[in-house]
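This report concerns only the one structure given below.
We did not get these values from a lab; they are worked out from the coordinates using the rules stated. Predicted, not measured: the structure shown is a model, and the values here were computed from it. All Cβ positions, glycine included, derive from the backbone under ideal geometry; neighbour counts span all protein chains shown.
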Amino acid sequence: MATSKLGFVVGALVLGLIGCDAVDEPEAVQEDFGGGAVQAREFQWNDFRLNDFRLNDFRLNSSRFNDFRLNGDTTSDWIEIYDFWLPNGGSSFTGQLSGGMLKINDGWGWLEEWDVEGTIIEYHIKKSGLTQVTKQVWLKWADPLAPYSDVWKYDADIRTNGGPWEPLCLDSNGNRTDTLLIGEAWNPTTGAKITPKPSNSITLACRTAALAKCVEFGYRPWASKNGTALANHHQACTRMVRADYCGTSTPHTVSGTPIHVLDKIGIQNVGQGVNYVVEAEWGPNGATCLNPANTRLPNQTIGCNIPTCGASFASGGLIQSGKVL
């Protein structure tokens with residue numbers, strides 16, 4: 001499995017929790033990591049958020065593990081990854097992702113799977129005038145989503161300047177939820193993936209929002225299915241989950257609205273006994289076609305011109321959404 005050096009994303013994104021029927025496992029981009037057992041279901045719950053964590057207190061960006069400055073930002077605002085404080089009392093500056101699993105080098109070998117439980121990741125946010133904020137993320141528990149999965153979930157707390165620990169991720173009801181780790185970065189203003197990929201970056205994606213939710217749909221951005229890379233499917237899914245028709249990061253939905261999800265590569269299939277009408281088809285930049293009478297919420301005002309959908313996937317979209325009747 002390809003790995004990536006670990007850095008951090010500075011900002012707020014979204015993902016969600018889904019239950020499922022078994023589907024064919026997407027292949028790893030390079031070497032298959034024993035199958036991911038990521039499951040899907042015939043219709044999913046959508047969400048209006050891209051992510052939802054309290055990792056920092058200013059706009060989303062990506063930092064580099066060995067670089068103090070924010071990518072694309074001024075030198076007056078930057079973060080510094082300080083250390084991994086290990087459960088054995090030691091420390092490390094070296095981390096990697098293997099798929100969606102964290103690995104940390106403790107100087108003797110790699111801690112991975114459940115061995116990273118108890119690790120505290122510390123970083124500093126530096127602002128104009130050298131004001132410094134110290135944040136720590138405590139990985140309390142780690143578990144695979146399913147046996148032999150390369151998607152791991154982490155129960156994490158966060159604190160600022162030595163204050164009280166608080167849950168890193170909360171759902172819409174204020175209940176704590178887990179985070180997934182994705183080796184990409186997103187622009188919170190546009191919802192677009194930052195390309196080229198920032199070196200050594202990672203997003204902590206809360207399971208109640210779009211970034212993580214699309215991983216759990218089966219669209220793992222580091223993997224492929226029958227030779228088709230899933231990175232664009234994942235990005236298209238983040239637009240679909242949020243009903244971001246125009247690809248501007250403007251959602252047209254509310255959390256908990258059921259949608260039918262379908263693709264041509266067999267990750268999400270036609271739901272048996274589910275009554276739905278086609279809402280839209282989706283690419284990385286938003287809807288490639290839209291049926292205005294079937295928008296997720298009634299009486300929507302769409303701020304862009306989108307062709308009406310015809311035959312399934314004739315628009316060039318990667319994923320199709322349906323409004324559940």
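One quarter of the convex hull surface built on the alpha carbon atoms of the range 224-272 amounts to 4.1 nm², the projected area averaged over directions. Counting only Cα atoms, the size of the range 169-271 along its three principal axes is 40, 39, 28 Å, in decreasing order.
Ordering 103-111, 278-286, 223-231, 208-216 by mean Cβ neighbour count within 10 Å, with the highest value first, yields 208-216, 278-286, 223-231, 103-111. Remark: spin-label model distance LEU170-CYS304 equals 3.2 nm, labels positioned 7 Å along the Cα→Cβ axis.
Using a simple spin-label model with pseudo-atoms 7 Å out from Cα toward Cβ, ASN105 and GLN272 lie 4.9 nm apart.
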